[in-house]
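Participant: My structure is below; once you've seen it, I'll send some questions.
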Amino acid sequence: MEVTVNILVGTMTGTAQLCAQEMELALDDGETKVATLMMDALDSTVFSREGVFLICTSTYGQGDVPDNARALYEDLKARRPDLSQVRYGVFGLGDRTYAETFNFGGKRFDDILTELGAQRIGERHTHDASSGVLPEETALEWCQDWLGRVRERLSQAA
Ligand SMILES: Cc1cc2nc3c(=O)[nH]c(=O)nc-3n(C[C@H](O)[C@H](O)[C@H](O)COP(=O)(O)O)c2cc1C
């Protein structure tokens, strides 16, 4: 079964983008098509694209989404589209040093997407920058496992 994965990237200093690039390389094999989109120019209409969505975002400020993700996040909150057809996953980046707001960037997207009726596939990944583990390495294994779950879910629905 052909699956299209839209990776939406929220980043300040490029780490999430690097993870997205690694995930695109790992997943894009003909049967799985991957489109990686920086969140900069996006609004909530992006969720009308064909395929499933992978939110790949870091956290900034005091538990905020990165600057380039702000417009998309605010548009979802303001327009509140019905996203009941949307299936998504979250690969979040953060740092446990920020104990009170650890990985809130990914959490904020997860919360609003669920609120709007979208269904998450798999657990939200929460990378910790102070763990010493490189996120782009974790990303490979995580995304392959996630795609397996996506395929399982879509074949149940077919
Ligand atoms: C100024 C600043 C604020 C941050 N705030 C948070 C935060 O509130 N919660 C969190 O989990 N991580 C926080 N982080 C950590 C980043 O999310 C983490 O380093 C991430 O890997 C950066 O990814 P990026 O390069 O894609 O932006 C912060 C980092 C900086 C530099």
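Participant: Does residue 61 satisfy the criteria of being at pLDDT below 95 and out of contact with any Phe, Trp or Tyr (no Cβ under 9 Å at 6 or more places or on another chain)?
Facilitator: So residue 61 fails the test.
Participant: With the checklist (1) open to solvent by 60 Å² or more (accessible area, probe 1.4 Å); (2) farther than 24 Å from residue 40 by Cα; (3) under 16 Å from the mean Cα position of the chain (by Cα); (4) within 16 Å of the ligand (Cβ to nearest atom) in hand, flag the one item residue 123 doesn't pass.
Facilitator: Of everything listed in (1) open to solvent by 60 Å² or more (accessible area, probe 1.4 Å); (2) farther than 24 Å from residue 40 by Cα; (3) under 16 Å from the mean Cα position of the chain (by Cα); (4) within 16 Å of the ligand (Cβ to nearest atom), residue 123 misses just condition (4).
Participant: Does the range 75-88 contain any residue that is open to solvent by less than 30 Å² (accessible area, probe 1.4 Å), part of a loop (DSSP other than H, G, I, E, B) and at pLDDT 95 or above?
Facilitator: Yes, some residue in the range 75-88 is open to solvent by less than 30 Å² (accessible area, probe 1.4 Å), part of a loop (DSSP other than H, G, I, E, B) and at pLDDT 95 or above.
Participant: Look at residue 2 and say whether it is charged (D, E, K, R), away from the ligand (no atom under 13 Å from the Cβ), under 16 Å from residue 139 (Cβ atoms) and in contact with a strand residue (DSSP E or B) (Cβ under 8 Å, 6 or more places away or on another chain).
Facilitator: Spelling it out, it is not the case that residue 2 is charged (D, E, K, R), away from the ligand (no atom under 13 Å from the Cβ), under 16 Å from residue 139 (Cβ atoms) and in contact with a strand residue (DSSP E or B) (Cβ under 8 Å, 6 or more places away or on another chain).
Participant: Under 9 Å between Cβ atoms, which residue pairs at least 6 apart in sequence (or on different chains) link something in the range 101-114 that is in contact (Cβ under 8 Å) with a residue 24 or more places away in the chain with a partner that is among the acidic types (Asp, Glu)?
Facilitator: From residues that are in contact (Cβ under 8 Å) with a residue 24 or more places away in the chain, the pairs are 101/64; 102/95; 102/128; 103/95; 103/128; 104/64; 105/64; 108/64.
Participant: Are any residues in the range 129-148 surrounded by fewer than 17 Cβ atoms within 10 Å (Cβ to Cβ) and in contact with a strand residue (DSSP E or B) (Cβ under 8 Å, 6 or more places away or on another chain), and if so, which ones?
Facilitator: Passing the criteria: only 133.
Participant: Can you tell me which residue within the range 60-98, out of those that are without any contact (Cβ under 8 Å) to a residue 40 or more places away in the chain and among the hydrophobic types (A, V, I, L, M, F, W, C), is nearest to the ligand (Cβ to nearest atom)?
Facilitator: This residue is 90.
Participant: Which of the residues spanning the range 13-41 are more than 16 Å from the ligand (Cβ to nearest atom), touching a helix residue (DSSP H, G or I) at 6+ places or on another chain (Cβ under 7 Å) and hydrophobic (A, V, I, L, M, F, W, C)?
Facilitator: Within the range 13-41, 26, 27, 34 meet the criteria.
The values are calculated or read from the model by the stated rules, or taken from the named source; none is laboratory data. Note that this is a predicted model, so its numbers are computed, not measured. No Cβ is skipped: glycine too gets one built from the backbone with ideal geometry, and neighbour counts run over all protein chains shown. Ligands, DNA and RNA are stripped out before the accessible areas are found, and what is left, the full protein with its side chains, is counted by its heavy atoms. Shrake-Rupley method; radii C 1.70, N 1.55, O 1.52, S 1.80 Å.
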